[in-house]
Amino acid sequence: MNVKPSTRELALGAAILTPGSAREYHTGGWRTFYPKTDEALCITCGLCWIFCPDACRVITKRENPIPGVLPDYYDFNPDYCKGCGICAQECPTGAIRMIEEGAP
Amino acid sequence: MSACVGLSATGCRTFTATSSQGLALMHEILFIVSAMRLPIVMATVNRALSAPINIWGDLSDVMANRDIGWVQLFGNNGQEVYDLTPCCFKIAEDRRVLLPVMLNIDGFTLSHVVEPIETLTQQDFDDFLPPYEPAQRLDVNQPISMGPVGPPDIFTETKKVHDDALVASRIVVNEVLDDFGRRFGRSYRAVEEYQTDDADVLLFTIGGTLGETGHTAVDALRARGMKIGQVLLRLWRPFPFDDIRRIFTGRKAVIVYDRALSVGGPGGPVASELRAAMYGRPDAPAILSLIAALGGRDVRAVEMAEQIENAVRRAGEGEYPAYEMVGVRE
Ligand code: SF4
Ligand code: SF4
């Protein structure tokens, strides 16, 4: 939610009057650290996808394809990744590092 | 109560009744009803909370539910309960209120006795209380979400709106009670007074049993020469601070009878509220908190009169405690 409603703007009983508006609520905004993935180290094993509690590991095209290796790797979905760090903990190759949002 | 939430959310006029442990059991949902602004009406037969197991009357159930955000009224006899029930719907459903209303009734003394009352006709009810038009409801053709998540960035705003609505409901409570009185000749007020005009000592009660026994005690004390009157609190939430200050300012002493105890706290819940209302005001009376009639214990008018005399005398001698449980065998 980008615009925060005042007391005068809240619906009765804080009801939500627009169907499907949950789509606009990006829980990724709760994140403090994000999982930075090094595509060169990713072996596309999918373990991070299995463990991610928010279904936020997404198959992504490699920017620098490696001959003989799958063309995709797993990156994260910034809209819903809450930065729990489970993927970084579970990745067998150490491809994921947790980086503080906004850090230089 | 969860079933009532669903029923009311679909747009039905909803009523239920409970008591004691039943009220305690639904405690969690009571906050949800009021925050969702569902105008449910509930009769609460006030009885003690266990342990020890006790099925008799006192106010420990409702006093543990002070902060649920409902309008809370008391009916002091069968006629009042009958008359106030349609008033509760009219208050709850008013577009300026849209909050649940609890009508409190003394357990056993009112709930389990028979007394003659004057009834209204169906036409009277229909004229007084128009058909229910929900302000908002669940409808598959116009889907909305009721009772959703309220994250930290809106939760405080929702509480502010709720508090403003409950405080403002005071105006509607008075309007509805006045309307009822004009139509049917039986008038009710948020705070009722008995023999208060010249009184320098006031008995302050809540609930029917102590209220009506209090009348007899006041009559007896007046016959003995004490300038005493009685104030009965009908509207418990929103607490009628303005009426309370108007009535109590300038009196010598107030004897507050509570039928519930805030264990380990400041004494009786009504006495606490009165102290909060009068704190720091010039001409505030001495406020003496008595706890009585717990778990169905009878308090006779003669005992009440003695307890009042005793409390006033000791307060005059400056030795009255913060609160006292009266009629206890020690
Ligand atoms: S940090 Fe947590 S939420 Fe984000 S992608 Fe990794 S496992 Fe999923
Ligand atoms: S666990 Fe590591 S190596 Fe496996 S797919 Fe995820 S990022 Fe790539």
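The values are calculated or read from the model by the stated rules, or taken from the named source; none is laboratory data. For clarity, every value in this text was computed on a predicted model and none was experimentally measured. Glycine also receives a Cβ, built like all others from the backbone with ideal geometry; neighbour counts cover every protein chain displayed. Note: accessible area is taken over every heavy atom of the protein model, side chains too, but ligands, DNA and RNA are not part of it. Shrake-Rupley method; radii C 1.70, N 1.55, O 1.52, S 1.80 Å.
Some notes on this structure:
- Selection count where residues are within 14 Å of ligand 2 (Cβ to nearest atom) and open to solvent by less than 80 Å² (accessible area, probe 1.4 Å), scope segment A:59-91: 18
- If the condition is being within 14 Å of chain B (Cβ to nearest Cβ), out of contact with any Pro (no Cβ under 9 Å at 6 or more places or on another chain) and crowded, with 16+ Cβ neighbours inside 10 Å, then segment A:1-55 contributes A:L10, A:L12, A:G13.
- Identification of helices (runs of 4 or more DSSP H) wholly contained in segment B:135-253 with 2 or more residues that are touching a residue at least 40 places away in the same chain (Cβ under 8 Å) and within 14 Å of another protein chain (Cβ to nearest Cβ) yields B:152-184.
- Filtered residues of segment B:117-134 (kept if touching a residue at least 24 places away in the same chain (Cβ under 8 Å) and away from chain A (no Cβ under 14 Å)): B:I117, B:E118, B:T119, B:L120, B:D124, B:F125, B:D127, B:F128, B:L129, B:Y132
- Inside segment B:265-296, residues that are without any contact (Cβ under 8 Å) to a residue 60 or more places away in the chain and more than 16 Å from B:M63 (Cβ to Cβ) make up a count of 11.
- One residue stands out in segment B:1-49 among those that are farther than 25 Å from B:D258 by Cβ and without any contact (Cβ under 8 Å) to a residue 24 or more places away in the chain: the one that is most open to solvent (accessible area, probe 1.4 Å), namely B:E28.
- The set of residues in segment A:63-95 that are closer than 16 Å to A:L41 by Cβ and either within 14 Å of another protein chain (Cβ to nearest Cβ) or within 7 Å of ligand 1 (Cβ to nearest atom) (or both) comprises A:F76, A:C87, A:A88.
- Count - residues of segment B:116-137 that are farther than 30 Å from A:A15 by Cα and open to solvent by 70 Å² or more (accessible area, probe 1.4 Å): 8
- Looking across segment B:99-113, the residues that are open to solvent by 10 Å² or more (accessible area, probe 1.4 Å) and either closer than 18 Å to B:E175 by Cα or touching a residue at least 60 places away in the same chain (Cβ under 8 Å) (or both) come down to B:I105, B:F108, B:T109, B:L110, B:S111.
- Subset tally (residues that are without any contact (Cβ under 8 Å) to a residue 12 or more places away in the chain, outside any loop (DSSP other than H, G, I, E, B) and within 25 Å of the chain's Cα centre (by Cα)) for segment A:1-41: 4
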